[in-house]
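Student: What follows is a single structure, and I will ask about it in a moment.
The values are calculated or read from the model by the stated rules, or taken from the named source; none is laboratory data. Remember, it's a predicted structure, so these values are computed and weren't measured experimentally. FYI the Cβ positions are ideal-geometry reconstructions off the backbone, even for glycines, and counts take in every protein chain you see.
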């Protein structure tokens, strides 16, 4: 049975776990051949195996550091050689981190901005140069930002700045690429049940002198939904934005946050 993305190829950076793995699974279920990246051979092997075990035979993976252009070039050399094209790009690779700003080492700021924002630019630029999407007149870019890309996040200046940058990049690029049949959108999760959120809870617990369980309870009380969002709930929006029927949606930053942010 033909599905909306049959015949397309999707690249999901940071696709070995969490939101990225859920996005790769969703796009594969919609018919796309799926490429994922991770930062180690072990994580990539595990991620690809999980995709194939879920019934997606056309899944492949590459070890990539989005801070390193040579690493990104090698990704596109391999991916274009293997699949011939990449129609859909999901920029998901990212890290968390934070703390009191007066104590934050510049190196920590620089690393987070370089991965979360500069990495999106590097991969996107290479995709535009190498994927053939502009020439074919069809493509999709979905950038995983955050509700922290629209409002301040306590004790997280670098993360907040990076995600605001991703939202701005998405909106600007959407205008540029609309004449080429390429849509660009940002998906903004709130608190999602992932390892990254668990790490953030540990940092807040230390800063506030409470337990991670106390932090979780405080967070859940802030959500009208009353709980963290699941990765698959984020992935369903990503999948919708990737299908041909979503062609009129571009330049948007859309929340998946259980009602945490209403903007």
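Student: Within region 131-139, identify whether any single residue is without any contact (Cβ under 8 Å) to a residue 60 or more places away in the chain, crowded, with 18+ Cβ neighbours inside 10 Å and closer than 22 Å to residue 263 by Cβ, and answer yes or no.
Tutor: No, every residue in region 131-139 fails to be without any contact (Cβ under 8 Å) to a residue 60 or more places away in the chain, crowded, with 18+ Cβ neighbours inside 10 Å and closer than 22 Å to residue 263 by Cβ.
Student: Got a sec? Which of 216, 225 is more than 18 Å from residue 88 (Cα to Cα) and part of a loop (DSSP other than H, G, I, E, B)?
Tutor: 225
Student: Among (1) crowded, with 23+ Cβ neighbours inside 10 Å; (2) in contact with a helix residue (DSSP H, G or I) (Cβ under 8 Å, 6 or more places away or on another chain); (3) part of a helix (DSSP H, G or I), there is one condition residue 143 misses while meeting the rest; what is its number?
Tutor: Checking residue 143 against (1) crowded, with 23+ Cβ neighbours inside 10 Å; (2) in contact with a helix residue (DSSP H, G or I) (Cβ under 8 Å, 6 or more places away or on another chain); (3) part of a helix (DSSP H, G or I), the one that fails is (3).
Student: So residue 34 clears everything in (1) within 17 Å of the chain's Cα centre (by Cα); (2) closer than 29 Å to residue 110 by Cβ except one condition, right? Which one?
Tutor: Only one criterion in (1) within 17 Å of the chain's Cα centre (by Cα); (2) closer than 29 Å to residue 110 by Cβ is unmet by residue 34, namely (2).
Yes/no matrix, rows are residues, columns are (1) under 14 Å from residue 14 (Cβ atoms); (2) assigned by TED's automatic domain parsing to the domain that holds residue 207; (3) surrounded by fewer than 16 Cβ atoms within 10 Å (Cβ to Cβ):
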position: 32; (1), (2), (3): no, no, no
position: 44; (1), (2), (3): yes, no, no
position: 59; (1), (2), (3): no, no, no
position: 64; (1), (2), (3): yes, no, no
position: 90; (1), (2), (3): yes, no, no
position: 93; (1), (2), (3): yes, no, no
position: 105; (1), (2), (3): no, no, yes
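Student: Then there's this: Which one is surrounded by the most Cβ atoms within 10 Å (Cβ to Cβ), of the residues in region 210-259 that are in contact with a strand residue (DSSP E or B) (Cβ under 8 Å, 6 or more places away or on another chain) and under 17 Å from residue 196 (Cα atoms)?
Tutor: 234
Student: Output the number of the condition that residue 207 fails; it satisfies all remaining conditions of (1) in a helix (DSSP H, G or I); (2) in the same structural domain as residue 243 (by TED's automatic domain parsing); (3) in contact (Cβ under 8 Å) with a residue 60 or more places away in the chain.
Tutor: (2)
Student: Just one of the numbered conditions (1) assigned to a helix (DSSP H, G or I); (2) surrounded by fewer than 16 Cβ atoms within 10 Å (Cβ to Cβ); (3) free of Cβ contacts under 8 Å to residues at least 24 places away in the same chain is not true of residue 262; which one?
Tutor: Among (1) assigned to a helix (DSSP H, G or I); (2) surrounded by fewer than 16 Cβ atoms within 10 Å (Cβ to Cβ); (3) free of Cβ contacts under 8 Å to residues at least 24 places away in the same chain, the lone unmet condition for residue 262 is (1).
Student: Could you list all residues from region 24-55 that are over 23 Å from residue 73 (Cβ atoms) and in contact with a helix residue (DSSP H, G or I) (Cβ under 7 Å, 6 or more places away or on another chain)?
Tutor: Selection gives 25, 26, 27, 28, 30, 50, 51, 54.
This table checks each residue for (1) assigned by TED's automatic domain parsing to the domain that holds residue 176; (2) on the phi > 0 side of the Ramachandran plot; (3) exposed (fewer than 15 other Cβ atoms within 10 Å of the Cβ).
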| position | (1), (2), (3) |
| --- | --- |
| 77 | yes, no, yes |
| 82 | yes, no, yes |
| 97 | yes, yes, no |
| 112 | yes, no, no |
| 115 | yes, no, no |
| 118 | yes, no, no |
| 122 | yes, no, no |
| 126 | yes, no, no |
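Student: Out of (1) surrounded by fewer than 20 Cβ atoms within 10 Å (Cβ to Cβ); (2) in contact (Cβ under 8 Å) with a residue 60 or more places away in the chain; (3) within 30 Å of residue 80 (Cβ to Cβ), the odd one out for residue 195 is which?
Tutor: The number of the failed condition is (3).
Student: Further, regarding this structure: Tally up the residues in region 92-140 that are assigned to a helix (DSSP H, G or I) and in contact with a strand residue (DSSP E or B) (Cβ under 8 Å, 6 or more places away or on another chain), please. First the steps, then the outcome.
Tutor: From region 92-140, those assigned to a helix (DSSP H, G or I) are 101-103, 106-130, 133-136; that's our starting set.
Remaining after also requiring in contact with a strand residue (DSSP E or B) (Cβ under 8 Å, 6 or more places away or on another chain): 119-120, 123-124, 127, 133-134.
So the count comes out to 7.
Student: For residue 182, are the conditions met, namely being in contact (Cβ under 8 Å) with a residue 12 or more places away in the chain and either surrounded by fewer than 19 Cβ atoms within 10 Å (Cβ to Cβ) or over 26 Å from residue 126 (Cβ atoms) (or both)?
Tutor: For residue 182, the condition - in contact (Cβ under 8 Å) with a residue 12 or more places away in the chain and either surrounded by fewer than 19 Cβ atoms within 10 Å (Cβ to Cβ) or over 26 Å from residue 126 (Cβ atoms) (or both) - is not met.
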